[in-house]
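Visitor: Here's a structure for you.
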Amino acid sequence: MVKSFIPYILNVNGQLIDLSEPCVMGILNATPDSFYAGSRKQTEAEIAARADQIMAEGGKIIDVGAFSTRPGAAHVTEEEEMERMRMALKAVRSVQPDAPVSVDTFRPEVARMAVEEFGAGIINDVSEGNVNGAFGGSEAYTAGDEVGEGGCECPEMFRMVARLGVPYILMSVKPDIMSMMKAFAHEVQTLHSLGVKDVILDPGFGFGKTLEQNYELLASLGKLREFNLPLLVGVSRKSMIARLLGTDADHSLNGTSVVNTIAMINSGALILRVHDVKPCVEAVTIVKEVFKYV
């Protein structure tokens, strides 16, 4: 059990988010096929209402996605993702013009559009920069990508984030803690050499990992504190919970709260990405109270 959270101030478009204690990131999916049906929002009215709900329930960041990353999801072209993302961000900004917004995308041009046109403040990339084709198949970076300081390969997304000057969520697709830490060490150094100031680490629960590997990772999550960077945990209603409990995404809220609580206690996780904001805010409140006495 950790005894405190690592204090960190995140600069999101000039707004300072105090991560001296955990904050909740609410999921907003502008997709028809995300794995949890309750998260799918298709119209501008639904998206605006969801944005308001996230903030009203105590969320600090709205995470907008327009490309489903669930196993077996249909491929969406960059043009279609761009169209969905524009519609969603327009709706979000109509009701929450100043809310910190992250965009869940592995495509650099979608990230650029979201930041430049709608003031998105964080890039949430589930591809680990598309390093070695980790996600996105043929759209992974190629030999044409630049080489940075010290001979480091620089994926296109890394260079885009540096150009945009926004915080970056670096998600691992590695199956175990040691290979993850080795890759993170290289990737964080590369990002810093490009000028990216704020890097958030996401161990990538459910990505490239078996059920057993997910729980082994959860047990050893505290090792990532060695990087002294904020840690994001995204386990909300995922199959690692549903499969273990013999249920489905619709009935995985309780399991989600338990895993998020373990993540906070084991590693001091500072950002919790969830579908259900209010229950997560309540879990954070309880963990904070316990930490007063350890």
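The values are calculated or read from the model by the stated rules, or taken from the named source; none is laboratory data. Everything numeric in this text was worked out from a predicted model, so none of it was measured. Glycine also receives a Cβ, built like all others from the backbone with ideal geometry; neighbour counts cover every protein chain displayed. With ligands, DNA and RNA removed, areas are computed over all heavy atoms of the protein, side chains included. Shrake-Rupley method; radii C 1.70, N 1.55, O 1.52, S 1.80 Å.
Visitor: Within the stretch 191-238, restricting attention to residues that are more than 13 Å from L170 (Cα to Cα) and of a type in the set (V, I, T), which residue is surrounded by the most Cβ atoms within 10 Å (Cβ to Cβ)?
Guide: Among those residues, the one meeting the criterion is V235.
Visitor: Is it the case that some residue within the stretch 105-126 is surrounded by 16 or more Cβ atoms within 10 Å (Cβ to Cβ), in a loop (DSSP other than H, G, I, E, B) and modelled with pLDDT under 90?
Guide: So far as the stretch 105-126 goes, yes, one or more of its residues are surrounded by 16 or more Cβ atoms within 10 Å (Cβ to Cβ), in a loop (DSSP other than H, G, I, E, B) and modelled with pLDDT under 90.
Visitor: Taking into account only those residues within the stretch 256-294 that are hydroxyl-bearing (S, T, Y) and open to solvent by less than 10 Å² (accessible area, probe 1.4 Å), which is modelled with the highest pLDDT?
Guide: Per the stated criteria, the residue is T256.
Residues checked against (1) at pLDDT below 90; (2) surrounded by fewer than 21 Cβ atoms within 10 Å (Cβ to Cβ); (3) among the basic types (K, R); (4) closer than 30 Å to E226 by Cβ:
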site: Y8; (1), (2), (3), (4): no, yes, no, yes
site: V12; (1), (2), (3), (4): no, yes, no, yes
site: G26; (1), (2), (3), (4): no, no, no, yes
site: N29; (1), (2), (3), (4): no, no, no, no
site: G38; (1), (2), (3), (4): yes, yes, no, no
site: R50; (1), (2), (3), (4): no, no, yes, no
site: M55; (1), (2), (3), (4): no, yes, no, no
site: I61; (1), (2), (3), (4): no, no, no, yes
site: E79; (1), (2), (3), (4): no, yes, no, no
